[in-house]
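Peer 1: Mind looking over this structure? Questions follow.
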Amino acid sequence: MKMLVLVKQVPDTATQVKVGGDPRGIDVTGITWIVSPYDEFAIEEALRIKEKRGQGEVVAVTLGADRAKEALRSCLAMGADRAIHVNDAAFYGADTLAAARALAAVIKLEQPQLVLTGRQAIDDDMGAVGAQVAEILGWPCLSWIMEEAISADGTKVRVGRQVEGGLEVFDLPLPCVLTAQKGMNEPRYPTLKGIMGAKKKEIKDLKAGDLELGAPTRELEVVALEALPPRPPHPWRLLGPGPRPPRRRPCPPPPRPRPGRPDARRLRWAWGALFNFYEGGGPAFSSRRATTEDTELTETNPILRAQRAITLPL
């Protein structure tokens, strides 16, 4: 089974992008370029299909300037068998429809059974090329897929797309176009052996004439890029330490109890109440005066006798 993976070279996510001298583009000075992360999921899935079936060919395809070969080398280092680079100045700065026409011409030339790509490129976030390529070819297309399974005879594919609360499952005939979503797999890291082997693998350059395409017509044109204005400060944002609140006088310490019998009596009564509550199971004081019966009961009960020794009436 032959599989084509459409990839795009984009600025690294950690790069600080600035508007260039031409307001219709960005300043490319010092930018680190990478394969669009969603396209890495597509490359990984194609490699897993090849490994699972035990045979097949994975071809990486891109469109762009000479530096786009770095993205193709990364795909080859991951395990792709060969690469195709549509390198023609006529396609520099092309819109999504012009790029889709060029990529569709490559697909017609290669005749693969399956085309994979990322759901969108992270530079312009258009997310349109996959569907446009399928429309030009007349193939079925399913976007944002999370899993796939190709039938044993290679005539159809069952794919799942995540929706709220579950997974939507579709059966599509092959050939078709699928766009990969984050979470479909975990892209592998290129090994040293893969990086060294990528230098020997073929990268085929194609021009517009090789694809029998004329000068592309742009349906969408970028007028200007503008940097975002600085974010205004939040109305409740603390911009500085601000004035100090007036210092309050410290509260005076509580007055010390006056030495004397009332305080001592109150403390002795509290201790007696606590002792009687835990040992005798009842209140430690009574509002009535003691009677002869109470006195006799106290004399025979050691707990109450001890309580009487340490408590005084209020």
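Peer 1: Past 19 Å, Cα to Cα: identify those pairs from Lys8/Lys207; Lys2/Lys52; Lys108/Lys204; Lys156/Lys201; Lys52/Lys193, in the order given. Spell out each step's value before the answer.
Peer 2: Values: Lys8/Lys207 17 Å; Lys2/Lys52 14 Å; Lys108/Lys204 16 Å; Lys156/Lys201 30 Å; Lys52/Lys193 21 Å.
Exceeds cut-off: Lys156/Lys201; Lys52/Lys193.
Peer 1: Let me ask something else about it. If you average the alpha carbon positions of segment 107-136 and of segment 149-228, how far apart do those two centres end up, in angstrom?
Peer 2: 6
Peer 1: Given the Cα-Cα distance of Arg53 and Thr13 and 0.36 nm per residue of separation, how much length would full extension add, in nm? Before the final figure, lay out each step's value.
Peer 2: Values: separation 40, 0.36 × 40 = 14.40 nm, distance 3.41 nm.
Between Arg53 and Thr13, full extension yields 11.0 nm more.
Peer 1: For a label point 7 Å from the Cα of Ala131 along Cα→C-beta, name the residues of segment 159-190 whose backbone N is under 13 Å from it.
Peer 2: 179
Peer 1: Within 10 Å, count the other beta carbons around each residue, average over each peptide in 47-58, 190-201, and list them highest first.
Peer 2: Details: 47-58: 15.1, 190-201: 13.0.
Result, highest mean Cβ count within 10 Å first: 47-58, 190-201.
Peer 1: While we're on this one: How much of the accessible area of segment 1-107, probe 1.4 Å, is carbon plus sulfur, in whole percent? Can you show the working numbers first?
Peer 2: Details: 2040 of 4200 Å².
Carbon and sulfur together cover 49 percent of it.
Peer 1: Where does the charge balance sit around Arg67 when Lys and Arg score +1, Asp and Glu -1, over other residues with C-beta under 15 Å from its C-beta? Don't skip to the end; give the middle numbers.
Peer 2: On the way: positive: Lys8, Lys69, Arg73; negative: Asp12, Asp27, Asp66, Glu70, Asp88, Asp123, Asp205.
Result for the local shell: -4.
Peer 1: Would segment 77-151 count as rounded, prolate or oblate if I go by the C-alpha gyration tensor, calling it rounded below 1.5 in a/c and otherwise prolate when a/b exceeds b/c, oblate otherwise? Intermediate results must be reported in sequence, preceding the final value.
Peer 2: Numbers: a/c = 1.40, a/b = 1.25, b/c = 1.12.
Because its axes are fairly even, with a/c under 1.5, segment 77-151 counts as rounded.
Peer 1: State in Å² the accessible area per residue of segment 1-146; use a 1.4 Å probe, count heavy atoms of protein chains only, and round to the nearest integer. Before the final figure, lay out each step's value.
Peer 2: Numbers: 6010 Å² over 146 residues.
It amounts to 41 Å² per residue over segment 1-146.
Peer 1: On to the next question. What is the extension gain from Asp123 to Asp210, computed as 0.36 nm multiplied by their sequence separation minus the C-alpha to C-alpha distance, in nm to one decimal? Mind showing how you got there, number by number?
Peer 2: Values: separation 87, 0.36 × 87 = 31.32 nm, distance 2.81 nm.
Gain on stretching Asp123 to Asp210: 28.5 nm.
The values are calculated or read from the model by the stated rules, or taken from the named source; none is laboratory data. In this text the structure is predicted, and so the values were computed from the model without any measurement. Quick reminder, even Gly has a Cβ in these numbers, built from the backbone with ideal geometry, and neighbours come from all protein chains shown. SASA here: full protein model, heavy atoms, side chains in, ligands and nucleic acids out. Shrake-Rupley method; radii C 1.70, N 1.55, O 1.52, S 1.80 Å.
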